[in-house]
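J.: First the structure, then my questions, so here it is.
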Amino acid sequence: MHQGIAAPLMRANVDTDAIIPSREMKRVSKVGLSAGLFAGWRYLDEAVRAPDPAFVLNQPAYAKASILLAGPNFGCGSSREHAVWALREFGIRAVIAPSFGAIFQNNCIRNGLLPVELAEPAIHELATQTLDGPLTVDLLRCVVRAPDGTEYRFRIGHLQREMLLEGLDPVALTLRLDESIRAFQARDREERPWIYLPIHTAAR
Amino acid sequence: MPATPTATLFAKLWRQHVVTELDEQTSLLHIDRLFLHERTGSIALSSLEQDGRGVRHPELAFCTMDHIVDTSPERGDDTPVPGGKEFIRTTRDAARRFGLTLFDIHDPRQGIVHVISPELGIVLPGATVVCPDSHTCTQGALGALAWGIGSSDAEHVLATQTLRVARPKTMRIRFEGTPGHGVTAKDLSLWLIGRESASGAGGHALEFAGSTVRMLPLEARMTLCNMAVEFSAFTAVIAPDDTVFEYLAGRPYAPTGALWERALAHWRTLRTDDEARFDREASFDATLIPPMVTWGTSPQHAVGVDGRVPAPEGEHDPVVRRGMERALGYMGLRPGQRLDDVPVDAVFIGSCTNSRLPDLRLAAQVLRGRKVAPGVKAICVPGSMQVKRDAEAEGLDRIFRDAGFEWRAAGCSLCFFAGGEGFAPQQRVVSTTNRNFEGRQGVGVRTHLASPATAAASAIAGRIADPRPFLGG
């Protein structure tokens, strides 16, 4: 369960280039990205990081926001996982939008950022209450509770919910299925031998 | 024995790769091919190493340098992108240590991942192909199940040769009829996204079908599938046919001899059964679609090149209306303005969307014997070194250069701004790329997406231009 200030960023198609511009990806690293979050919108002058007071996350009421409210297709565009890493590092724990870019949504689950899908009218109702108090996002019960007490039910895949709740490492989980993978490949090599390239293709 | 139930192409591809079911909607899928590039592959490789894990099948993983490599002719590891060298070297060193096949900067096979994967026969019909790059859907044009993933999922594939994937819904989109003169696959995509919105596909797996798609050459099918992610599709796929098989025969990584014959027999089964049901279906008349251009900052902001900038007042949804107003401000355009009156500062022909040989031939057809308008910066970046060599063998490079275009080495180049090379604020660019997002090609840069024909015509005219008069006949 998470309780926090929600910032309304009610734009459609907020793309991952906007969330973290490519020019802000300066190192081979998953950290050090939060200063570049929304860089194109957040700063009047990116070079000196001069904040644009008009941007929602620069407004005092939303400076400590940990939830974003957004329009449809949030996180569309580039697959860069840096968008999720930057949001997490900034302190965002959940994004509530009518729909998400598919790759972004998956990247969220991998990194403990909760993507909540709610109908657009519900998000507009939540957006009118952002100054009235914190929002509560309850992943156990799959509800978002507004400051006025209204609850909005959301759906999330059983496995996705479990991954988020338990903070599980999917690679470690899959490696436990090693026998199934071996059995699949043994069968598949018979059926589709052309898929399995010889081991030293690099020498070709 | 019960009759085999009818299935969509997507369902067949999915079923073929299920290692085991993880829950009612998530499967563990076998991944046949992994591609990495230096921008997002580097972090997957270094993270894998930090976690003390190895690569399960190095022979099924490939790396290329495309995203931030310099595209000037005399290039090396130095790139205009700040910190870029670290991405290049991390990828190279890790590829060597793990024994992955790397198409390095000076390799004659180097190029944009979604150009070289088909070119080298790495992607095959019926294969699962993933890459930490959203435009991996491009490769669905060969009848592969190909989609973009994050770096963590790339790490998962390196370690396990599988992925945990929630099964998307399916949608078939048919285009029927012969498109008009000067109308390309890029125009079909922009028209579709303009009509249905950038969130129109809602995460569905698309199948493109219909008589128009059947008659498209493979490179054009790649353009169509490439843009599927801009339509919010999980991916797109086109049933493989002789166009695909003839293209693949003899490619370096494609099967040969008896194995080719076996593969071919399997590939011919990869089609949607007549009675199969999709979650959504739509059919469009391709003969009515004009050459398209975008006016705003989303691919859905698309109109006919002979059309006008729309007015936000006509839009009832306040979020959409404010988005349009914002886009107009960013783009420096007024409602009602004719697109073909808008002067341009630069033209870029390249990217995984439109940098293959037929794209360059089409642009050259417009450019032949003509000059780029004074003051317009014009750049062509072939998608791969193979495309570059093929184009040069036909003399296309001379047509581009004589017209006043720069002719570069292969890479993603100016498709996106990574802090190095870019256009200047407020500059207006007609680009054959896939994204016109704010800041995509540089801070404040105004991108108009279009086909190679429209881009070339705009370079000549010095303003956004309808390509049809330039193409003759």
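Since every read-out is calculated from the coordinates, none of them should be taken as a lab result. The structure displayed is predicted, hence computed values, not measured ones. Don't worry about glycine lacking a Cβ; one is built from the backbone with ideal geometry, like all the others, and counts go over all protein chains shown.
J.: Sorted from largest to smallest, which semi-axis lengths in Å does the alpha carbon gyration tensor of region B:339-428 give for its equivalent ellipsoid, taking the root of 5 times each eigenvalue?
T.: On the way: eigenvalues 87, 60, 23 Å².
Semi-axes (√(5λ), whole Å): 21, 17, 11.
J.: Follow-up question, since we're still on this one. Exposed loop sites here are GluC sites (Glu not before Pro) in DSSP loop states with at most 12 other C-beta atoms within 10 Å. What is the longest stretch of chain B lacking them?
T.: Values: sites that count: B:E24, B:E74, B:E275.
That would be B:75-274.
J.: Next up: Given A:N107, A:L135, B:T294, which one lies farthest toward the positive end of the charge dipole of the protein assembly as shown, if we put +1 on the Cβ of every Lys and Arg and -1 on the Cβ of every Asp and Glu?
T.: B:T294
J.: Evaluate the charge dipole of the protein assembly as shown about its Cα centre and quote only its size in Debye, nearest 20, assuming +1 on the Cβ of each Lys and Arg and -1 on the Cβ of each Asp and Glu.
T.: Dipole size: approximately 600 debye.
J.: What is the diffusion coefficient of the protein assembly as shown in µm²/s, taking the Kirkwood radius over Cα pairs and the Stokes-Einstein relation at 10 °C with a viscosity of 1.306 mPa s? Working shown, then result.
T.: Values: Rh = 25.2 Å.
Answer from the Stokes-Einstein relation: 63 µm²/s.
J.: What is the diffusion coefficient of region A:105-204 in µm²/s, taking the Kirkwood radius over Cα pairs and the Stokes-Einstein relation at 4 °C with a viscosity of 1.567 mPa s?
T.: On the way: Rh = 17.5 Å.
Reported coefficient: 74 µm²/s.
J.: Distance in nm between label sites at A:E166 and A:R141, each 7 Å beyond Cα in the beta-carbon direction?
T.: A separation of 2.4 nm, rounded to one decimal place.
J.: Using a cut-off of 9 Å between beta-carbons, work out the net charge of the residues near B:T40 (Lys and Arg +1, Asp and Glu -1, B:T40 not included).
T.: Around B:T40, the surrounding residues sum to -1.
J.: In addition: Please give the net charge around B:S451, taking every other residue with its beta carbon less than 13 angstrom from that of B:S451, where Lys and Arg add +1 and Asp and Glu add -1.
T.: Here the charged neighbours net out to 0.
J.: From zero outward in steps of 10 Å, how is the percent of C-alpha pairs of region B:398-473 spread across the bins?
T.: 19, 46, 31, 4, 0
J.: Then there is this: Between A:L175 and A:A35, take the C-beta separation as r, use R0 = 41 Å, and let me know the FRET efficiency to the nearest 0.05.
T.: For R0 = 41 Å, the calculated efficiency reads 0.70.
J.: Next question. Per residue of B:395-406, count partner chain C-beta atoms within 10 Å of its C-beta, then hand back the mean as an integer.
T.: Average per residue, whole number: 0.
J.: Explain nothing, just the number: dipole magnitude of region B:293-471 about its Cα centre with +1 on each Lys and Arg Cβ and -1 on each Asp and Glu Cβ, in debye rounded to the nearest 20.
T.: That gives a dipole near 200 debye.
J.: Also: Per-residue ellipticity at 222 nm for chain B, helices alone: DSSP H runs ≥ 4 residues times -39500 (n - 2.57), over residue total, nearest 500 deg cm²/dmol?
T.: -9000 deg cm²/dmol
J.: Next question, about the same structure. Please compute P(r) over all alpha-carbon pairs of region A:2-155, binned at 5 Å starting from zero, and give each bin as a whole-number percent.
T.: Per 5 Å bin, starting at zero, the Cα-Cα P(r) for region A:2-155 comes out as 2, 10, 19, 24, 21, 14, 7, 2, 1 percent.
J.: For region B:213-294, state which trypsin sites (Lys or Arg not before Pro) are in a DSSP loop and have at most 14 other beta carbons lying within 10 Å of their beta carbon.
T.: B:R268, B:R277
J.: For chain B, with the dipole built from +1 on Lys and Arg beta-carbon atoms and -1 on Asp and Glu ones, taken about the Cα centre, which of B:G350, B:L264, B:P374 lies farthest toward the positive end?
T.: Farthest along the dipole direction, towards plus: B:P374.
J.: Quantify how strongly other chains surround peptide A:42-54 by giving the mean number of their Cβ atoms within 10 Å of each of its Cβ atoms.
T.: Going residue by residue through A:42-54 and averaging, the value is 0.
J.: Rg and Dmax of region B:135-288 over Cα atoms: what are they, in angstrom?
T.: Taking only Cα atoms of region B:135-288, I get Rg and Dmax of 16.1, 49 Å.
J.: Given a 10 angstrom Cα cut-off, can you work out which residue in A:V48, A:V144, A:V14 is the most mobile in a GNM of chain A?
T.: Ranking A:V48, A:V144, A:V14 by mean-square fluctuation puts A:V48 first.
J.: If you average the C-alpha positions of region B:1-41 and of region B:232-281 separately, how far apart do those two centres end up, in angstrom?
T.: Region B:1-41 and region B:232-281 have Cα centres spaced 15 Å from each other.
J.: How much net charge surrounds B:L145 when only the other residues with a Cβ under 12 Å from the Cβ of B:L145 are counted, with Lys and Arg +1 and Asp and Glu -1?
T.: After counting each charged neighbour, the total is +2.
J.: If we restrict to alpha carbons, what Rg and Dmax does region B:293-471 come to, in Å?
T.: 15.9, 53
J.: Please report B:I464, A:I156, B:I349 as a ranked list, fewest other C-beta atoms within 10 angstrom at the top and most at the bottom. Kindly include the intermediate steps, with their values, before the conclusion.
T.: Numbers: B:I464 24, A:I156 16, B:I349 30.
Ascending Cβ contact count within 10 Å gives the list A:I156, B:I464, B:I349.
J.: How many partner chain Cβ atoms sit within 10 Å of a residue's Cβ in peptide A:19-25, on average, as a whole number?
T.: The mean count of partner-chain Cβ atoms within 10 Å per residue comes to 6.
J.: In whole percent, what relative contact order does chain B give with Cα contacts below 8 Å and a gap of six or more residues?
T.: Reported as a whole number, the value is 17 percent.
J.: Using +1 at the Cβ of each Lys and Arg and -1 at the Cβ of each Asp and Glu in the protein assembly as shown, identify which of B:A465, A:Y62, A:L37 lies farthest towards the dipole's positive end.
T.: Ranked along the dipole, the leading option is B:A465.
J.: Now a separate question. Count of lysine pairs in the protein assembly as shown with Cα atoms under 22 Å apart, counting only pairs 8 or more residues apart in sequence or on different chains?
T.: 7
J.: For n ≥ 4 DSSP H runs only, could you compute -39500 (n - 2.57) per run for chain A, divide by its residues and tell me the 222 nm figure to the nearest 500?
T.: Counting only the DSSP helices, I get -8000 deg cm²/dmol.
J.: Mind putting a number on the dipole of region A:2-155 about its Cα centre? Charges go on the C-beta only, +1 for Lys and Arg and -1 for Asp and Glu, and I need it in Debye to the nearest 20.
T.: I would put it at about 540 debye.
J.: By counting other Cβ atoms within 10 Å of each Cβ, how are A:V143, B:V183 ranked from fewest to most?
T.: A:V143, B:V183
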